[in-house]
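Let me begin by presenting the structure, written as structure tokens, before commenting on it.
The values are calculated or read from the model by the stated rules, or taken from the named source; none is laboratory data. From a predicted model like this one, the values you see are computed outputs, not experimental measurements. Neighbour counts are summed over all protein chains in view; Cβ atoms, including those assigned to glycine, are modelled from backbone coordinates with ideal geometry.
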Amino acid sequence: MPTRTNSRESQERMLTGRQGTAVGDDGRVVARAERAGSSGGDRFEFGGSIGLAHDYLLVMRGAERTFAAIAEMAPAAPIYTLLYDRAGTNGRFDGHPVVTSGLQRLGVRQRGFRALLPLLPGAAARLRADGHDLVISSSSAFAHGIRTAERAVHVCYCHTPFRYAWFEEGRALGEVPRVLRPALAATLRRIRRRDLAIARQVTRYVANSRICQERIRRFWDRDAEIVHPPVEVDRFEPGEPEDFFLFVGEVTRHKRVELALEAATRAGRRVVIAGDGPDLARLRGLYRGDHDFRGRVSDAELEHLYPRALALVVPGVEEFGIAAVEAQAAGRPVVGVDAGGVRETVVDGETGVLVPEDDVDAMAEALAHTDFARFDSARIRQNAERFSTDAFRRRIAAEVGQALAARS
């Protein structure tokens, strides 16, 4: 459960160094601000001290890109995170001092952080952002449990409640040896109890999609407005498609990558997999020779892949699914499941094809027989532009402003 502390006491415990570096007595500064934050776009209109928080900053995926857009609206504000990898995040947060939990000293990176699960909730609760009047967290797991001052306004941009505790416990238990399942189940129960206590203390939740909004209401009994994540649509340009499909994302079981590979194999089609994760080695062993496993790719390579693909494949239920919008920004359609965020980002029949969830035959049919040449790349890109960074900034600034007004 997050601890609220008196703001005056917490400020006395904070040390302020050059460049506005905040050093919490329960955190470790691992990066000081090396350059000024971005001056482009909207900023949060607030005269007090702002702190930012994200679960872990180890790679640049959809949630991290969303958080980067938030961070650009609070130049040089301290960032609090459980684990940080400057190289993995391409120096994107160099304009901010970064304060981590004590787990940082373990040197864990993207491939290994899941093993720390029993330690992460407590580490978040000990991560002190209690020297700020306004805290904006970006959370799909534990960041909403960061310690804040008693009178601080805490706005949480929620990507999803922690999936393995709230709606995919069975999958989590199935991925560990039987002997470890009772301990993991107990850990997940503790996380649920902690989350319920945390949810009562957060000032305002903002959901990234309808499915996330529904989960916040169902699990935590809190209302949340929807602000769709930002997509840097100007990074992408239409091109000439080639004869392959594309998957972009973490290669984990809940992403249902195997369903896409099996469907494409049945359809006699090839998939390029741009992503890394704990399920990569297994799938590469099963489908080597049939599909192209690229691992984690650079932004430049991804910008080259999207417009060359026949379509992006989204085989699992996404809370929002930034990759689906990125593909459309490059003028390419999406073949995705008719569930979750894809329903909000893809216009069935106009910017993509939606198929029933967990139906490998339907996915194979769509990959084999859809005439992808009939899609209008200009219309597809126009749809993606609804999710621009500027639109996100306006809406998230309004949500923060309403939270501040309600507390004043």
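Would you please name the residue that is farthest from R43 (Cα to Cα), looking only at residues in the range 359-403 that are assigned by TED's automatic domain parsing to the domain that holds R308 and touching a Leu at 6+ places or on another chain (Cβ under 8 Å)? It comes out as V360.
Residue-wise test of (1) closer than 17 Å to E319 by Cβ; (2) in contact with a Leu (Cβ under 9 Å, 6 or more places away or on another chain); (3) at pLDDT below 95.
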{"site": "F46", "(1), (2), (3)": "no, yes, yes"}
{"site": "G51", "(1), (2), (3)": "no, yes, no"}
{"site": "A74", "(1), (2), (3)": "no, yes, no"}
{"site": "Y80", "(1), (2), (3)": "no, yes, no"}
{"site": "N90", "(1), (2), (3)": "no, no, yes"}
{"site": "F93", "(1), (2), (3)": "no, yes, no"}
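Being part of a helix (DSSP H, G or I) and either over 19 Å from the mean Cα position of the chain (by Cα) or at pLDDT below 95 (or both) narrows it down to one residue among L283, L246; which is it? Outline the logic, then answer.
Details: L246 fails: part of a helix (DSSP H, G or I).
Matching residue, one of L283, L246: L283.
Results for (1) touching a strand residue (DSSP E or B) at 6+ places or on another chain (Cβ under 8 Å); (2) β-branched (V, I, T); (3) within 29 Å of A172 (Cβ to Cβ), shown as yes or no for each residue.
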{"position": "V272", "(1), (2), (3)": "yes, yes, yes"}
{"position": "P278", "(1), (2), (3)": "no, no, yes"}
{"position": "L283", "(1), (2), (3)": "yes, no, yes"}
{"position": "R294", "(1), (2), (3)": "yes, no, yes"}
{"position": "S298", "(1), (2), (3)": "no, no, no"}
{"position": "H304", "(1), (2), (3)": "no, no, no"}
{"position": "A311", "(1), (2), (3)": "yes, no, no"}
{"position": "G316", "(1), (2), (3)": "yes, no, yes"}
{"position": "F320", "(1), (2), (3)": "no, no, yes"}
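Of all residues in the range 354-370, exactly one satisfies the criterion of being in contact with a strand residue (DSSP E or B) (Cβ under 8 Å, 6 or more places away or on another chain), of a type in the set (G, A, S) and either surrounded by fewer than 17 Cβ atoms within 10 Å (Cβ to Cβ) or closer than 14 Å to G268 by Cβ (or both), namely A366. Restricting the search to helices (runs of 4 or more DSSP H) fully inside the range 300-408 and requiring at least 3 residues that are farther than 30 Å from C158 by Cβ and in contact (Cβ under 8 Å) with a residue 24 or more places away in the chain gives 360-369, 377-384.
Results for (1) touching a helix residue (DSSP H, G or I) at 6+ places or on another chain (Cβ under 6 Å); (2) surrounded by fewer than 22 Cβ atoms within 10 Å (Cβ to Cβ), shown as yes or no for each residue.
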residue: D223; (1), (2): no, yes
residue: D243; (1), (2): no, yes
residue: L259; (1), (2): yes, yes
residue: A263; (1), (2): yes, no
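This table checks each residue for (1) assigned to a strand (DSSP E or B); (2) more than 18 Å from R190 (Cβ to Cβ); (3) among the hydroxyl-bearing types (S, T, Y).
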residue: R92; (1), (2), (3): no, yes, no
residue: Q104; (1), (2), (3): no, yes, no
residue: R114; (1), (2), (3): no, no, no
residue: L120; (1), (2), (3): no, no, no
residue: T148; (1), (2), (3): yes, yes, yes
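Take the residues in the range 53-67 that are more than 8 Å from the chain's Cα centre (by Cα) and in a loop (DSSP other than H, G, I, E, B), then tell me which one is farthest from F93 (Cα to Cα). Within the range 53-67, the match that is farthest from F93 (Cα to Cα) is D55. The lone criterion from (1) surrounded by fewer than 21 Cβ atoms within 10 Å (Cβ to Cβ); (2) over 19 Å from the mean Cα position of the chain (by Cα); (3) of a type outside the set (G, A, S) left unmet by H96 is number (1). Please indicate, with yes or no, whether at least one residue in the range 257-277 is free of Cβ contacts under 8 Å to residues at least 12 places away in the same chain and not assigned by TED's automatic domain parsing to the domain that holds V400. Checked the range 257-277: no residue is free of Cβ contacts under 8 Å to residues at least 12 places away in the same chain and not assigned by TED's automatic domain parsing to the domain that holds V400.
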